[in-house]
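Nothing in this text is a laboratory measurement; each read-out follows from the coordinates by a stated rule. Predicted, not measured: the structure shown is a model, and the values here were computed from it. We place every Cβ from the backbone using ideal geometry, glycine too, and count neighbours over all the protein chains shown.
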Amino acid sequence: MKLNPTLLAAAISALVMTGCDRGQESKAPEQSADEVTVESAEVITETTQANGDAEAIAQANQMFEDSFQEHLSRSPEFKTFLGMKEDYDKWNDLSPEFEQETHEINQRQLAELNKLDPGKLDDATRLSLKLAKRNLEQDIEGYKWRLHSYPVNQMYATHTGVASLLINQHRIDDVSDAEAYIARLNALPEHFAQLQANLEERAEAGTIVPKFVFPYVISDGQNLINGAPFDDGKDSTLFADFKGKVDKLEISDEQKEQLIGKAKSAFVSSVGPAFEKLNAYLQQLEKRANTDDGAWKLASGDDFYNHRLNVYTTTDMTAEEIHEVGLKEVARIHDEMREIMEKVGFEGSLQEFFEFMRTDDQFYYPNTEEGKQEYLDKATAIIDTMKGRLDELFITKPKADLTVKAVEPFREKSAGKAFYQRPAPDGSRPGIYYANLYNTRDMPTYQMEALAYHEGIPGHHMQLSIAQELEGIPKFRKFGGYTAYTEGWGLYSELVPKEIGFYQDPYSDFGRLAMELWRAGRLVVDTGIHNKQWTREEAIAYLQENTPNPKGDVVKAIERYIVMPGQATAYKIGMLKIVELREKAKKELGDQFDIRAFHDVVLANGAVPLNVLEDLVDEWIVEVKTQQ
């Protein structure tokens, strides 16, 4: 339920982040304003079971809705995500006082939920209560670690997040929307002053992002104030965005010029100075940074890392247990890769095969505009082919369409390899699979299939679109998430196409294994960095030796894991649990097992912690058995 400012900033930057502190990475959706008003409890509970008290169910669901709305009312940026134009001229409050107030709201909401009697609720509402309480308890516990975060890093950062929101989410449909855009530009000095205060508060507590991060974030900020009206170059990224949106308005040319003039003044008097002041501070902060990379360097760092592992994996696995699982999975996948080496007739060691895959030109498009477009076209074709096979695997399918886009130039240098943005529930915008084509040598063609299945269909697009299209569940479940579930599903979705005949090219099948190996390696290096005190260089060396990914890919990944402790462990842990539950269901049900029905069970309740998913699958198994 909590709209965590740090993770919201990450969402604005378009990395896998919703509004909740569950470690969820997928971007929050746009939604029309009337779609986020309070729904009647009768709508939510229309399927009330006989064992539930209708009045208690209605009360519980109203509380879920009120809680969601209370936090939503405090986040102008999340309102913009949802397509609302209330507080359209404002940014989120980043002050410690606001953060403390949010903590107190969470405590009050939890106390109110604890008064409810689960015995009076139907199964669906009881599950919602369990999840709502769990989320609040986790957020309340996480408050003590609030100074252990990095509000500015190369993966998500407030100063680049504002640009992503303005470009991707702030629609200009009339003059008032344009005025709100300009007001947000003029509000950046105060917004960045709060950000700087947050960074300084963390620095005094010993939390400074590692030194390697600063060139990235300083460069990203500078990129946004390059060009007109800051200098004589072509229009800067944001100025071009504003002018393009205003140009489409059905107003007079004179009105357009007036609005553009106001925006130009805001860029020169507010935006430029705000970025310059922040960059100057970051340059000074860089001098105080060191090269220690793990969470262990922070105050009570081991306890903090254990907390993040629990948040991201939704399990009680220790760092050591996760590390050992990673080592075993790496060894297993290496053996499967050797089988492919034999199939393609490669003579040499596995590491030599990796080097061949990294360097042979046949696996890479030219790093040109034509090569990048060819990549996008091929990825689109892969997704279109998969669409035609969905009936074999799914009962419920998303209504929203999916498109493939390249990451925008202003952030492609520091952004991740690929990510997904949810569609608008009203159909005004499709889901988007973003491929980072800054350097096509980091995007080998043999990984295209697995990457498209993971980010698109049947991966994140299926899971996230279906979740927000579900009827009868509270909004905190539609728009919240758990990384182990969401990314576990994404990784599982790379495997499923193999089982129905895809990956016919052995090199492409190698790419599938390479992607799985990558996630297995993450278990090793994430715990290595944050628990075993590996250096950045040691972690890079491990992935370089044990995966076929190019060095640029490896370096960027390790740097990501450093600034997001624990997040990288969720993918493989989640996938392993989904596969485990599927195999359990197959064994228990035999001929009665239906893969389509199993997938419906996994997807039909939205994102849930792994232990809850196990309960749901177990209940389904019993239900199917009783139908014999």
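For this structure, a couple of remarks:
- Point-charge dipole on Cβ atoms (K/R +1, D/E -1) for the chain, about Cα centre, debye to 20: 800 debye
- Note on Lys387 and Asp253: with the Förster distance fixed at 51 Å, the Cβ-Cβ geometry gives a FRET efficiency of about 0.70.
- Two-site FRET efficiency, Ile140 against Glu538, from Cβ-Cβ distance with R₀ of 35 Å, rounded to 0.05: 0.50
- Pairs with C-alpha atoms separated by more than 32 Å, drawn from the list Lys417/Lys478; Lys343/Lys387; Lys234/Lys475; Lys234/Lys556; Lys328/Lys556, are Lys234/Lys475.
- Distance violations [Cα-Cα > 31 Å] among Lys79/Lys277; Lys130/Lys587; Lys245/Lys372; Lys264/Lys399; Lys85/Lys243: Lys264/Lys399
- Exposure proxy ranking, count of Cβ atoms within 10 Å, fewest first, for Thr291, Thr313: Thr291, Thr313
- Taking θ as phi - 60° and the Karplus parameters 6.51, -1.76 and 1.60, the scalar couplings of the range 74-88 work out to 9, 10, x, 5, 5, 4, 4, 3, 7, x, 7, 10, 6, 6, 5 Hz in sequence order, x denoting glycine and proline.
- HN-Hα J in Hz across the range 560-577 - Karplus 6.51, -1.76, 1.60, θ = phi - 60°, x for Gly and Pro: 5, 4, 5, 8, 10, x, x, 4, 5, 6, 5, 4, 6, 4, x, 4, 4, 5
- Value of [θ]222 nm, deg cm²/dmol, for the chain, DSSP H segments ≥ 4, -39500 (n - 2.57) each, nearest 500: -19000 deg cm²/dmol
- Taking amide H atoms as placed 1.01 Å from N in the peptide plane, the amide H of Lys405 lies under 5 Å from those of Tyr433, Tyr434, Ala435, each 5 or more residues away in sequence or on another chain.
- The slack between Glu324 and Ala280, meaning 0.36 nm per residue of separation minus the straight C-alpha distance, is 11.5 nm.
- Per-residue HN-Hα couplings for the range 341-349 [Karplus 6.51, -1.76, 1.60; θ = phi - 60°; Hz; x = Gly/Pro]: 4, 5, 4, 8, x, 7, 10, x, 7
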